[in-house]
Amino acid sequence: MDALEKLVPGSVRRGNASVVGISCDSRFVGPGVAFCALLGRHADGHEYASRAVAAGVPALIVGHFLDLPVPQLQVPNIRAALGPLSAAIYGWPSCRLRLAAVTGTDGKTTTAHLIEHCLAASGRRTANIGTIAIQIADRTIPSRATTPEAPELHRLFQEMVQSDVQDVVMEVSSHGLDLGRVAGLSFEVAVFTNLSPEHLEYHGTMEQYLEAKSRLFHRSRCSFAVICIDDEWGQRLASTVTLPLVTFGRTRSADVVIEDVATDLGGTKVDIRWGEQRLSLSTVIPGTVNADNVTAAYLAARALGVESEKAKRALADAPTVPGRFEVIDVGQPFLVVIDYAHTAAALTALIDTARRLTGPTSRVIVVVGARGGRYRDKRAAIGRVAASSDLVVITTDSPGDEDPVAIANTILDGCNEVGGSRTIIEPDREIAITRAIASARPGDAVLIVGRGHERYYERGSEQVELDDREAGRAALVELVSQEPRF
């Protein structure tokens with residue numbers, strides 16, 4: 001611990017100990033693993049220090065000394081110290097890896113997935129850290145957060161080094177940036193996808209949300225930027241960064257212009273112009289929004305040294321992403337899609353894609369909810385967008401401690417502001433999915449949105465097991481068994 005004391009200015013040590021790991025979670029500490037008493041939004045880690053000591057921790061990292069019989073390192077700011085301490089304890093593993101980052105409101109998971117596939121296809125040994133899972137070469141670990149806390153992150157980096165990983169692609173959230181989870185990391189390439197109202201219960205304003213995202217694009221943290229400038233926030237970011245960068249988007253002022261997009265159930269094709277060069281890129285993932293994701297991934301892969309033709313082939317071969325425009329098909333004569341869309345912008349793009357994929361006389365049915373403890377104005381905005389469909393089934397989506405019916409009514413208010421669609425409130429999400437599917441006619445599209453790959457939602461302190469994909473498939477199997485209906 002004496003080396004750790006020297007690492008953090010203003011720290012004071014009482015006692016000494018050998019430390020080989022660090023954790024902020026008292027449930028995952030023990031011999032050799034120090035406990036860091038982090039002050040969170042809902043709990044103070046100091047209150048759990050005695051539990052950590054009982055588990056056999058060799059030392060504590062604290063904001064103030066505790067009357068406990070173990071060595072302690074008091075630091076001025078635990079949050080600020082966490083990154084450097086974690087990196088040092090695990091042997092600075094990120095220095096032996098090449099890192100790429102993807103940030104933005106929507107599209108992070110798909111874009112990171114595509115970049116990682118390009119790198120792997122070029123012969124690199126890769127890892128991916130993100131919302132759905134953590135992939136270390138051929139091993140998959142469940143993900144608990146888009147961007148893990150620094151102790152977990154550096155422990156993962158250590159595992160990656162031990163597994164001979166060369167390149168890591170990470171989704172970097174605004175929380176991860178604001179809370180210092182990626183402090184001290186250096187990224188070869190960083191991608192900005194877009195920004196729309198989200199997490200404003202945390203950031204307060206869009207300006208502060210952008211400011212958090214922009215921290216990724218400082219020269220001390222990143223070497224090259226890939227920025228979409230189709231919204232004002234991307235334009236503002238691109239105008240202020242001093243890094244080498246390439247901009248892209250549908251706007252004609254971009255360095256790389258998306259000129260044409262075609263999408264069907266077989267995937268998405270996008271034609272881009274890069275100066276005098278014209279290229280066609282493709283992915284098996286349907287959806288107009290994936291034109292942006294595949295373009296971002298191509299540009300990032302090129303910046304990371306992947307040859308153009310190898311990148312194009314890899315993008316075309318990359319498998320779909322769980323819960324991202326995931327089609328459920330058991331032989332029914334209409335389209336059923338599970339998607340993670342949980343912002344107004346993402347839902348707009350998804351409904352637009354569904355309209356393109358179905359005929360002009362077909363209907364779009366949306367199953368939608370909104371999460372508790374999040375930016376509340378977003379709920380009415382989602383309702384206004386959902387109302388552009390033909391039937392909206394409003395339901396529950398991780399209400400937490402909030403009243404799910406009250407959340408649903410706020411979405412309904414948004415629907416009613418613009419009118420035009422039929423609405424149903426069904427708080428039981430599984431029943432809502434069944435009702436939406438039962439309402440579908442041949443040629444229609446049913447969009448079940450907001451949760452994607454997730455296998456449970458939170459209601460109060462309870463975790464309710466429900467996978468939208470499994471619920472949708474079960475409802476379809478039951479419906480298709482009633483053959484006379486078709």
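Can you work out the PRE-style zone for Q463? Point 7 Å along Cα to Cβ, and I want the residues of the stretch 13-51 with backbone N under 15 Å.
27-28
Taking a threshold of 27 Å on the Cα-Cα distance, which of the pairs K108/K312; K6/K108; K6/K213; K269/K378; K108/K269 fall above it? Spell out each step's value before the answer.
Numbers: K108/K312 19 Å; K6/K108 37 Å; K6/K213 30 Å; K269/K378 31 Å; K108/K269 19 Å.
K6/K108; K6/K213; K269/K378, as the Cα separations exceed 27 Å there.
Amide H to amide H, which residues 5 or more places from C222 or on other chains are under 5 Å from it, using H placed in the peptide plane?
F187
Between A262 and Q166, how high is the FRET efficiency from 1/(1 + (r/R0)^6) when r is the Cβ-Cβ distance and R₀ = 35 Å? Nearest 0.05.
Working: r = 35 Å, r/R0 = 0.99.
With R0 = 35 Å, the Cβ-Cβ based efficiency is 0.50.
Kirkwood hydrodynamic radius (Cα pairs, Å) of the stretch 298-404? Can you show the working numbers first?
Working: mean 1/r = 0.0611 Å⁻¹.
Its Kirkwood hydrodynamic radius stands at 16.4 Å.
Can you give me the long-range amide H partners of G450? Hydrogens built in the peptide plane at 1.01 Å from N, cutoff under 5 Å, separation of 5 or more residues or another chain.
Distant-sequence amide H within range of G450: D339, Y340, A341.
Classify the stretch 1-49: rounded, prolate or oblate, from the alpha-carbon gyration tensor (a ≥ b ≥ c, eigenvalue square roots; a/c under 1.5 rounded; otherwise prolate if a/b is larger than b/c)? Please report the intermediate quantities before stating the final value.
Details: a/c = 2.40, a/b = 1.36, b/c = 1.76.
Here the stretch 1-49 falls in the oblate category.
Long-range amide H contacts for V191: which residues qualify at under 5 Å (H placed 1.01 Å from N, peptide plane, sequence gap of 5 or more or a different chain)?
So V191 has HN proximity to A101, V102, T103, V226.
Give me log10 I(q)/I(0) at q = 0.19, 0.20, 0.21, 0.25 Å⁻¹ for the stretch 2-89, Debye formula, one equal scatterer per alpha-carbon, no solvent.
-0.74, -0.83, -0.92, -1.39
Let me check I've understood the local charge: for V172, count other residues with C-beta under 12 angstrom from its C-beta, Lys and Arg +1, Asp and Glu -1. What total comes out? Kindly include the intermediate steps, with their values, before the conclusion.
Numbers: positive: K108, R181, K213, R215, R221; negative: E171, D178.
It works out to a net charge of +3.
Assuming 0.36 nm per residue, please report the length gained on full extension of the stretch D403 to S308 beyond their Cα-Cα distance.
Numbers: separation 95, 0.36 × 95 = 34.20 nm, distance 5.11 nm.
Length gained, D403 through S308: 29.1 nm.
Size of the dipole of the chain about the Cα centre, Lys and Arg at +1 and Asp and Glu at -1 on the beta carbon, nothing else charged, in debye to 20?
Values: 50 positive and 59 negative charges, 194 e Å.
The dipole magnitude comes to about 940 debye.
Kirkwood hydrodynamic radius, the stretch 46-199, all distinct C-alpha pairs: what's the number in Å?
Details: mean 1/r = 0.0600 Å⁻¹.
With all distinct Cα pairs of the stretch 46-199 included, I get 16.7 Å.
So between T320 and H218, what do we pick up on full extension, going 0.36 nm a residue minus the alpha carbon distance? Write out the running numbers ahead of the final one.
Working: separation 102, 0.36 × 102 = 36.72 nm, distance 3.21 nm.
The span from T320 to H218 would gain 33.5 nm if fully extended.
Would you mind working out the magnitude of the charge dipole of the stretch 232-290 relative to its Cα centre, with +1 at each Lys and Arg C-beta and -1 at each Asp and Glu C-beta, to the nearest 20 Debye? Present the calculation step by step, with values, prior to reporting the outcome.
Numbers: 6 positive and 7 negative charges, 21 e Å.
Here the size comes out at about 100 debye.
Dividing the convex hull volume of the alpha carbon atoms of the stretch 326-485 by its residue count, what do you get in Å³ per residue? All intermediate terms of the calculation are to be shown ahead of the outcome.
Numbers: hull volume 15.2 nm³, N = 160.
Spread over its residues, the Cα hull of the stretch 326-485 gives 95 Å³ apiece.
With each label point set 7 Å from Cα along the Cα-Cβ vector, what nm distance links T140 and A54?
Label at T140, label at A54, 3.7 nm between them.
With Rg and the Kirkwood Rh both taken from Cα atoms, where does Rg over Rh land for the chain? Don't jump to the answer; show the numbers that get you there.
Working: Rg = 23.7 Å, Rh = 23.8 Å.
Computed over Cα atoms, the ratio is 0.99.
Along its three principal axes, how long is the stretch 137-199 when you only count alpha carbons? Whole Å, largest extent first please.
39, 23, 22
Determine, from the Cβ-Cβ distance of S239 and Q482 and an R0 of 51 Å, the FRET efficiency 1/(1 + (r/R0)^6), rounded to the nearest 0.05. List each step's numbers first, then the result.
Details: r = 58 Å, r/R0 = 1.13.
Calculated value: 0.30.
With the calculation restricted to Cα positions, what are the radius of gyration and Dmax of the stretch 93-317 in angstrom?
Radius of gyration, then largest Cα-Cα span, for the stretch 93-317: 16.4, 46 Å.
Just in the stretch 119-162: which trypsin sites (Lys or Arg not before Pro) are loop by DSSP and have at most 14 other Cβ atoms within 10 Å? Intermediate values should be presented prior to the final figure.
On the way: sites: R124, R125, R139, R144, R155; in loops: R124, R125, R144.
For trypsin sites (Lys or Arg not before Pro) across the stretch 119-162 that sit outside H, G, I, E and B with at most 14 neighbouring Cβ atoms in 10 Å, the list reads R144.
Bear in mind that the values in this text are calculations on the coordinates, not laboratory data. Note that the structure is a prediction, hence the values are computed from the model and not measured. Cβ atoms come from the backbone with ideal geometry, glycine included; neighbour counts cover every protein chain shown.
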